[in-house]
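The values are calculated or read from the model by the stated rules, or taken from the named source; none is laboratory data. Please read these numbers as outputs of a predicted model, since none were measured by experiment. Positions of Cβ are backbone-derived with ideal geometry, glycine not excepted, and every protein chain shown enters the neighbour counts.
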Amino acid sequence: MSQATFTCAHAMARGEPIACIDDEEGAHVPSEDLTGGEVIDAHVHLFPARVLEALWRWFDRHAWRIRYRLDAEQTIAFLAERGVRRLVALHYAHAPGMARSLNAFVHEIARAHRDVVIPLGTVLPGEPDAAAIVREALGPLGMHGLKLHCHVQKMGADDRRLDEIYALCQEAGKPVVIHAGREPASPAYGVDTRALCGADQVDRVLRRYPKLVMVVPHLGADEFVEYAALLERHENLWLDTTMAVAGFFTEPPADIVERNVGRLLYGTDFPNLPFAWDREIRRLVDRPLDRAGRAALFSGNARRVFGF
């Protein structure tokens, strides 16, 4: 681990805010020769303004200074202007009663930008009408899957409150994107994320639901090796690269992208970034991948997982 990643990871674990990095940003995604074709960002956050402002306040106090203070429309325009062809829109509910309004918000955004935005829904496991909320999201609202966050929603991936959600997604053939990795840890979550989360839990879930498609963000940080092993065991498990190759937090093994490129999705966490929007894509195109591998990483795998 570099000194920079050591400092950032430990500062957040102590509940100390991290300054953003003033690195230079590019004007456009790299050329098709470097990316293998189009670029799809599989991890972009779109929230209503009131939720976004609360999120910014939380990050300012407990995580990092967000460099791009953009609302949903500005986020879509920013990425489109820089050559990102499509984006997968993620959000999550941290309290009962939020999910329906968040899902409706993203549904309307996706309707207005149907050629760009691929919407996912959310639900708070255990809340009243959770099953009905999932059915509405995957049915009438046309969401391409669900987003869950173990840290924010205070649950392990194998929490039994998730069983009905997993079952409904498996039945519908829609993926679950779940932040099930242990990092980044912070006391501000109100739970010990390193005790709450583990790759072994994801293994148990996928054994119970073998047809469930699951995406774990951040390459499963910090259990990179364990999640790479799970890719060999479960054909419906995928990982995304979000914030995992930026040299900001714990760094994965040097060859993890090359060895697993057929099961990885390019994602960024935009706009909630402490560094340049293209920091990671520039690092990824420097990897020794052939054109087919680049095409899979930057677009093909996302199309396969989210069905568009």
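Do we have Val305 as at pLDDT 95 or above and buried (at least 21 other Cβ atoms within 10 Å of the Cβ) here? So Val305 fits the description; yes. Total residues in segment 106-161 satisfying the condition of being assigned to a loop (DSSP other than H, G, I, E, B), in contact (Cβ under 8 Å) with a residue 40 or more places away in the chain and either over 25 Å from Gly190 (Cα atoms) or of a type in the set (Lys, Arg) (or both): the figure is 6. Out of (1) out of contact with any helix residue (DSSP H, G or I) (no Cβ under 6 Å at 6 or more places or on another chain); (2) modelled with pLDDT of 95 or more; (3) over 24 Å from Val177 (Cβ atoms); (4) not in a loop (DSSP other than H, G, I, E, B), the odd one out for Val44 is which? The one condition Val44 does not meet is (3).
The number of residues in segment 231-259 being in contact with a strand residue (DSSP E or B) (Cβ under 7 Å, 6 or more places away or on another chain) and crowded, with 21+ Cβ neighbours inside 10 Å comes to 7. The set of residues from segment 80-102 being surrounded by fewer than 23 Cβ atoms within 10 Å (Cβ to Cβ) and among the hydroxyl-bearing types (Ser, Thr, Tyr) comprises just one member, Ser101.
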